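I have placed the structure first, in the form of C-alpha cells, so that the comments after it can refer back to it.
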Amino acid sequence: MGRGRHIRLSLMPTDFESVEVLGGEEEVSLLEILDHVLNAGVVIHGSLVISLAGVDLVYLGLNVVLTSVETALSNLQIQEKRKK
Amino acid sequence: MSRVLAYCGFRHGAQITLPAVGVGAVPVQLMSSGELGLLWSEVEWPIAPDKMQRSALEFHQVVRHVFNQTAVIPFRLLSVFEDQQALAAFAAENQARFLRDLERLKSFVQMECVVYPAPATERQDFSSGKAYLEKKAVAMRSSEGFAQAVRDAVAHLSHEVRVREGKNGTRIFVLVERGHESDFRQAVSVLPLPQHLSRRISGPWPAAEFLSDEVKAPQIASQKIAGAK
C-alpha cells in the first residue's frame with residue numbers, strides 16, 4: 001500500500017504538529033481536517049478544481065461545494081479495491 | 001496574482017491572542033468591523049495543488065488558535081476576496097449576522113460522531129439487486145437506530161443535534177457546551193454499536209454545522225433576498 005493510501009477511519013482531529021508527517025494512520029486525521037476546512041463554514045467563492053492526494057476535487061458554481069473530501073475518500077477506497 | 005484569504009470571524013476582545021502567520025507562512029492580519037474581528041492574509045492565488053495539503057493545515061492552525069480561546073465562524077479554505085476593500089465591504093454588510101451567530105454559539109463547540117459501514121470481513125452477497133438493497137436497508141436502519149441512541153445518550157449534554165446522511169455513513173453533529181467534550185466522548189464511546197457498523201468520534205470543532213443559513217452562504221442569501229424583492 002502506497003504512501004497516502006492508508007485508510008483507517010478511527011482517528012480524532014489532531015494538532016497541526018502531529019499531522020505534518022503524512023501517510024500511515026495520520027492520513028485520516030489530515031482528511032478529517034481537510035473535510036472541515038473545505039466543507040464546513042462560510043462559503044464565499046467557488047468554481048475551482050484542485051487535487052489532493054492524487055484525487056481531483058471539483059468545485060462548481062453558485063458557491064456551493066458539490067464534491068467533498070468524503071467523495072475523495074470513496075474514490076480512494078475504490079482505487080484501492082481495483083488495485084487488489 | 002494575490003487575493004485576500006479569510007480565515008474566520010470572532011468577537012474581538014483585548015484578551016484574544018492572534019496567530020502570527022497563516023497560509024504560506026504570510027502574516028495574519030486582523031480586520032475589525034465594530035466588535036467583529038476577521039482574520040485574513042494576502043496569499044498567492046490560486047494555491048498550487050502541491051501546496052494544498054500544507055495550506056489546509058496552516059489554515060486549520062489559524063482557525064484553531066482563535067477557536068481555542070473563543071467561538072469562531074470559520075470560512076472555507078477556498079474563500080477569497082478580490083482585495084482588502086472587498087473584505088471590508090463584506091464585514092460591514094455581514095457584521096450584525098455574524099455577531100448574532102457568535103453570541104448564540106459563544107458557549108458551545110461542535111462534537112461529531114460518524115457511523116459508517118465496517119470493512120466487510122466476509123464475502124458480501126451481492127448476487128442480486130434485491131440482496132444488495134436488503135443489506136443497504138438493514139445498514140440504514142442500524143445507522144438510524146444508533147443516531148437515535150446517540151441523541152438519547154447525550155441529551156443531558158447537547159444543546160442541539162443535527163443528523164446528516166452521507167455517502168459514507170451517518171454524521172451526527174452535536175452542539176455541546178465548551179468544557180464538556182470528554183463527557184460527550186465518554187457517553188458516545190460506550191454505546192453498543194450495531195453489527196457491521198463502525199464509529200468515529202471527533203471534536204471539538206467550531207460550530208459550523210449550526211450557523212444560520214445567512215451566515216453560512218451570505219451571497220446566496222443576499223441573492224435570495226434580492227430575488228424576493
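What follows draws every value from the coordinates through simple rules; no lab data is involved. As the structure is a computational prediction, the values presented were derived from the model and not from experiment. Neighbour counts are summed over all protein chains in view; Cβ atoms, including those assigned to glycine, are modelled from backbone coordinates with ideal geometry.
Structure notes:
- Residue match in the stretch B:137-147 (condition: in contact with a Cys (Cβ under 9 Å, 6 or more places away or on another chain) and either of a type in the set (S, T, N, Q) or closer than 30 Å to B:Ser212 by Cβ (or both)): yes
- Every pair of residues 6+ apart whose Cβ atoms lie under 6 Å, when the first sits in the stretch B:156-172 and is in a strand (DSSP E or B) while the second is basic (Lys, Arg) and surrounded by 14 or more Cβ atoms within 10 Å (Cβ to Cβ): B:Val161/B:Arg151; B:Arg164/B:Arg171
- B:Val43 being surrounded by 14 or more Cβ atoms within 10 Å (Cβ to Cβ), over 18 Å from A:Val42 (Cα atoms), within 14 Å of chain A (Cβ to nearest Cβ) and not polar (S, T, N, Q): yes
- Being free of Cβ contacts under 8 Å to residues at least 24 places away in the same chain, surrounded by fewer than 23 Cβ atoms within 10 Å (Cβ to Cβ) and basic (Lys, Arg) is a description that does not apply to B:Arg76.
- Scanning the stretch B:49-84 for residues that are part of a helix (DSSP H, G or I) and of a type in the set (Phe, Trp, Tyr), we see that the one that is nearest to B:Tyr7 (Cα to Cα) is B:Phe59.
- B:Arg3 in a strand (DSSP E or B), within 14 Å of another protein chain (Cβ to nearest Cβ), of a type outside the set (Val, Ile, Thr) and in contact with an Asp or Glu (Cβ under 9 Å, 6 or more places away or on another chain): yes
- Residues in the stretch B:182-220 that are surrounded by 17 or more Cβ atoms within 10 Å (Cβ to Cβ), acidic (Asp, Glu) and more than 15 Å from B:Arg162 (Cα to Cα): B:Glu214 alone.
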